[in-house]
1. I'd like to verify a number: residues in segment 4-23 that are surrounded by 13 or more Cβ atoms within 10 Å (Cβ to Cβ) and either touching a strand residue (DSSP E or B) at 6+ places or on another chain (Cβ under 9 Å) or more than 25 Å from residue 72 (Cβ to Cβ) (or both), how many?
2. When you go through 60, 27, 75, 42 one by one, which is the residue that is assigned to a helix (DSSP H, G or I), surrounded by 11 or more Cβ atoms within 10 Å (Cβ to Cβ) and modelled with pLDDT of 95 or more?
């Protein structure tokens, strides 16, 4: 079983990856020349869906990181009190 420290490290890594993916997706979206063709509209829709997906993932990861940090802080406080 992974320790909270391992989970935190993994979550932070996933957060960095998701932020990069979101940035790249937004760059691609900016670079699309909207000529109002069906193909272009489909590309825009797909990129917008990816943008939403990555944004939600980032929110989830940030929440998980906050939970893990709180858990680790609580463990440290309990250990300090027991010493």
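1. Our first condition is that a residue be surrounded by 13 or more Cβ atoms within 10 Å (Cβ to Cβ); within segment 4-23, this holds for 4, 7-12, 14-15, 17-19, 21-22.
In the following step, the residues that additionally are either touching a strand residue (DSSP E or B) at 6+ places or on another chain (Cβ under 9 Å) or more than 25 Å from residue 72 (Cβ to Cβ) (or both) were identified as 21-22.
Matching residues across segment 4-23 total 2.
2. From the options 60, 27, 75, 42, the qualifying one is 60.
The values are calculated or read from the model by the stated rules, or taken from the named source; none is laboratory data. If you're wondering where the values come from, they're calculated on a predicted model, not measured in any experiment. Don't worry about glycine lacking a Cβ; one is built from the backbone with ideal geometry, like all the others, and counts go over all protein chains shown.
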